[in-house]
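Undergrad: Pasting a structure below so you can have a look.
Read the figures in this text as sums done on the coordinates, not as results from a lab. Here the structure is a predicted model, which means the values were calculated and not measured. Neighbour counts are summed over all protein chains in view; Cβ atoms, including those assigned to glycine, are modelled from backbone coordinates with ideal geometry.
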Amino acid sequence: MTALRAEARVALAIARKDAVAELRGRHATVSTLFFAAIVLLLFGFALGPDAARLAAAAPGLLWLAVVFAGILAVNRLHLLETDDGALEQLAMYPVARRAIYAGKALGGFAVMLVLGLVVLGAVGVLFAVDIGSAWLPLLATVVLGALGIAAVGTFYAGVTVRLRAREVMLPLLMLPILTPLLLGAVKATSAALAGDPFGELAAWLQLLIAFDLIMLVAGAATYGFLLED
Amino acid sequence: MPQTTIYVSPRSLGAPDTRPPAAETTELARLFSGNAALAGISIRIDAGRTVALLGPNGAGKTTLLRILATSLRSSYGSARVDGLDLVRDAGLVRERVAYLPHATGLYDDLTARENLDFAATLLGTEDRRARVERALSDVGLADRADDRVRSFSAGMRRRLALGRILLGRPSLVLLDEPYAALDRDGMELVDQLLAAWHEVGVTVLVASHATERLEAFLDATLVLDRGLVVAISGEGVASTTPLPAGGPGSRAAEVVR
């Protein structure tokens, strides 16, 4: 219990450090929010002015924008650790490797959650979708989706952070793994916006929960190997 | 002049030191892209000694320090710190080792105080806030504690990294070019730390080209060249494999020069 509390303290310290650095430097949020907005606008232009068509495509566009921008965000958060050997220093502290993973994932989750909620709001405005009537299932979907992207992104950003071609490698590695999450999140969002006529929302949310748990456990168990040079 | 305080338990002076070797390596080797930065060295450094690690660029000094700090894995061979295996007991080794690398490992967007507070939290430092303030004062950065590290000079960053070492209770301190980028006061701070660590029985392994400045604090020197130990002098350090023919005074003198 004491060890678990110590690990939680370490994870919170890392997440808080990332949050403070992000609030001051705005390395991840500002650029990724603009990127997400541009993705939404471009998809909107590509689909044309048909309001019904845009509304039908809104769940897919929402999650594509969140995933693309999320990849940028987790990469930026890990780049903080490349400043002047910070990652090497982080790896030398006498703390459990899974606590470091948990801290980085928690910081990533906070950024992803902000990103997901802002993009959800933008989708509501741009594509004239009523998100207010289904706010609770939509919130649950965004929370679970953000957690899954943070869990996967933290691990793969750790894989690629020392690579020169990390900006190319990170999406190549992350996107295939995120396919189940993308599918579950889009379906859950669609079901929530439609009022869940076929009673499938719970199943899609369960898929997201299972995905998040598997990725968090796998990430925590293996992240330590990524810290070794 | 900063007041230097060392946060380690003083050993009982005069009593025989029964501690295991502070560092011990067996055929330790590390390859980078097929090139041997360390080519299989077997050494023993007794506890409580201050040892200079000398040699030209590319001799393997930083590689040896990084392996002992658990920051780098060896390709072959093994190493122990305080009798603990670096791979199997890595977590326990990290509690005992403090390392000052070339890169300071600081976060630019955090203040000096926040950087040390973060380090103290991860080190599990007791009485964290007081120790952070003390460390800031010791390294002469108390008046810049609330400034972001982004605005610091290289020398100030180096001082802050030294302050991070003061937050723990290491039994082995590894310093890689500790005088680099420091002004005269900063160099004197390093001198004070070396003297204080020596006095309380902390083992120090220091890689530096400032050999004349270091001389006053040293128990021994260990000379590396092309990944091999080429000479040892002084007390408390031994190589368990034969040194190259010629020994100290020939190749070693050439290397150190």
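Undergrad: In segment A:2-226, how does Rg compare with the Kirkwood Rh, expressed as the Rg/Rh ratio over alpha carbon atoms?
TA: When Rh is taken as the Kirkwood radius, the ratio is 0.99.
Undergrad: Taking beta carbons within 10 Å but only from partner chains, what does the mean come to for residues B:119-128?
TA: What the average comes to for B:119-128 is 4.
Undergrad: Another one. Taking every residue in A:187-195, how many Cβ atoms of other protein chains lie within 10 Å of its Cβ, on average?
TA: If you average over the peptide's residues, the count of other-chain Cβ atoms is 0.
Undergrad: Could you line up A:Val95, A:Val159 from fewest to most neighbouring Cβ atoms inside 10 Å?
TA: Least to most surrounded, the residues fall as A:Val159, A:Val95.
Undergrad: Using a/c under 1.5 as the rounded threshold, could you call the protein assembly as shown rounded, prolate or oblate? The axes a ≥ b ≥ c are square roots of the C-alpha gyration tensor eigenvalues, and prolate needs a/b larger than b/c, oblate otherwise. Present the calculation step by step, with values, prior to reporting the outcome.
TA: Details: a/c = 2.65, a/b = 2.28, b/c = 1.16.
In terms of gyration-tensor shape, prolate.
Undergrad: Based on the mean of other beta carbon atoms within 10 Å per residue, what is the order of B:134-145, A:46-57, most packed first?
TA: Final packing ranking: B:134-145, A:46-57.
Undergrad: Take peptide B:159-168, look around each residue's Cβ out to 10 angstrom, count Cβ atoms belonging to other protein chains, and average those counts.
TA: For this peptide, the per-residue mean of nearby foreign Cβ atoms is 1.
Undergrad: Hand me the trypsin sites (Lys or Arg not before Pro) from segment A:122-206 located in a DSSP loop with no more than 14 other Cβ atoms within 10 Å, in residue order please. Walk me through the intermediate numbers first.
TA: Values: sites: A:Arg162, A:Arg164, A:Arg166, A:Lys187; in loops: A:Arg162, A:Arg164.
In loop regions of segment A:122-206 (DSSP not H, G, I, E or B), the sparsely surrounded trypsin sites (Lys or Arg not before Pro) are A:Arg162, A:Arg164.
Undergrad: Sticking with this one: Do any trypsin sites (Lys or Arg not before Pro) in segment B:58-121 lie in a loop, going by DSSP, with at most 12 other beta-carbon atoms within 10 Å of their beta carbon, and if so which?
TA: In loop regions of segment B:58-121 (DSSP not H, G, I, E or B), the sparsely surrounded trypsin sites (Lys or Arg not before Pro) are B:Arg88.
Undergrad: What percent do you get for the relative contact order of segment A:6-149 when only Cα pairs under 8 Å and 6+ apart count?
TA: About 39 percent, as a whole number.
Undergrad: Would you give the gap between the C-alpha center of segment B:141-215 and the C-alpha center of segment A:126-198, rounded to a whole Å?
TA: With segment B:141-215 and segment A:126-198 each reduced to a Cα centre, they are spaced 46 Å.
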